[in-house]
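None of the figures in this text is laboratory data; all of them are computed from the coordinates on show. Because the structure is a prediction, the values reported are computed rather than measured. Reconstructed Cβ throughout: ideal geometry from the backbone, glycine too, with neighbour counts over all protein chains shown.
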Amino acid sequence: MPAGLLYTLGFIISLIIALVMTPLVKKFAFKVGAIDKPNHRKVHTRIMPRMGGLGIYLAFAIGFLILMPFIPDGLLNHEGTNLIRAVLVGGTIIILIGAFDDRFELSAKVKLVAQIAAACVVVFGFGIKIDLLNVPFGATMQPIEAWVSIPLTIFWIVGVTNAINLIDGLDGLAGGVSAIAIGTILVMAIIMGNVPIILLSVLLLGGIVGFLYFNFHPAKIFMGDSGSLFLGFCLAMLSMTSFKQITIVSFVTPLLIIGVPLSDTFFAIIRRLVNKRPIFAPDKGHLHHCLQELGFSHRKTVLIIWSVAAVFGGFAILQSTVVQSSAANWITFIVICLVIFSLQIGAELIGIVDKSRRPLINFLNRVLRSKVDARSSK
C-alpha cells in the first residue's frame, strides 16, 4: 500500500472510531460518576460528563491496531517501532491516571508521580531521550551526559503534559490547540520524511477531530484530565522526538509548536507570584478568561486562541525550513525577539498578569511622546 494512502486511511479510521466511541464514553462517564459540576471557576452551568479523552485514546490505539497489517515491510525501522511502542505504553499510563482523576479527583501529587512514572518508562524502558546539544551559534553537536539528558527529557515530558491540561477551560479549546500543534508536527514530519511521526500524527489528528464534533461549543462531553494529559503527553513525545538534537533552532521549534499552552502556563506562574498566591492554586486569570472579560463570546474566544496557535505553528514550520540554512541561528534569534515582544504586548493589553501593570506599553508610549515632543520643538 502506498504510504500516502496508508496515512489517509489511518486518519479516516481514527476519525470514525472517535465518532463511534465518544457517545459510548459519554454514557460510561455518567454511569461511573465521572462528571463535572458547575462552580464559581467554571463557565458551564450544568453537569457535564468527563473522561472524553478515552474516546481519543481508543481512536488512536484501535486505529493503530487496525492499520498494522497494512503497514508495508520496511516502512518503519527499529527506532520508529520503538517510538510507537513508547507512545502507546506511556500514553496508556497517562490515560489511566487521567481517567481515575476524572472519576475520583486525585491529588496533584499523585498525578505528578504518575506522569513522572510514564516519563521514566519512556526514558529507561525504551531509551528515548534528548541526547545531543549545540551551543548557540556553534557548529558541532556535542553529546549530553546522561545525568543531564535524562532529567531534561523527563522535565520536558511532564511539563508539556501539564501545559495542555492548564488551558482546558473552554469547549473545544484544548482539543483544537492540540490538533493545530499536531497538524504542525505532521507538516514538518512530511517535509522531513519522518514516517513514525507522520503515522502517529494522523492517528491522533483523526481522533481529536472526531472528538471535537462532540466537544466544540456547546459541548456534549468534556475531555477531562484523561484527554488533556494524554494529548499533552503525545505532544511532548512527538515534538521531542522530531527535534531530539537541541540546537538554538531545533529547541525553539517544539516550544513554538506548544506556544499557546506554554505561554499561558508561564504567565499563570508569573501572575501568581506577583499576587503572592501559590503557584498551583487555580484562578480565573488564564488567556481564555481574559478574552471573555473583554467581551468575546465563548466560541469567539476559542477561535481567537486557535488562530494564535496557528500563528505559532506557522513560526514553527518556518523554523523547520531554516534549520539547515547558514542564517538559521540569526533567523531564530529574530523570531524569538518578535515572539517575546508580541507575547508581552498581548499579555499587557488583556491583563493576563496584572490589570494595572503595563511596563512595556508605558515605555513605548514614553518613547513615542518624547519623539513627538522633539519634532514639535523643532
Could you tell me the calculated FRET efficiency between residue 338 and residue 112, based on Cβ-Cβ distance and R0 = 22 angstrom, to the nearest 0.05?
0.05
For a 27 Å ceiling on Cα separation, which of these pairs sit above it: 109/220; 111/355; 26/111; 37/300; 31/300?
109/220; 111/355; 31/300
The extension gain from residue 147 to residue 372, computed as 0.36 nm times the residue separation minus the Cα-Cα distance, is 75.5 nm
I'd like the FRET efficiency for residue 68 and residue 27, computed as 1/(1 + (r/R0)^6) with the beta carbon distance as r and R0 of 30 Å, rounded to 0.05.
0.55
Formal net charge of residues neighbouring residue 230 (Cβ-Cβ distance under 15 Å; K, R +1; D, E -1)
-2
What's the extension gain from residue 37 to residue 345 if we count 0.36 nm per residue and subtract their Cα-Cα distance?
107.3 nm
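Need the full-extension length gain, residue 269 to residue 293, defined as separation in residues times 0.36 nm minus the C-alpha distance. One decimal, nm.
Working it through step by step, the gained length comes to 6.6 nm.
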For the peptides 362-374, 171-183, what is the packing order when you average, over each peptide's residues, the other Cβ atoms within 10 Å and list the highest mean first?
171-183, 362-374
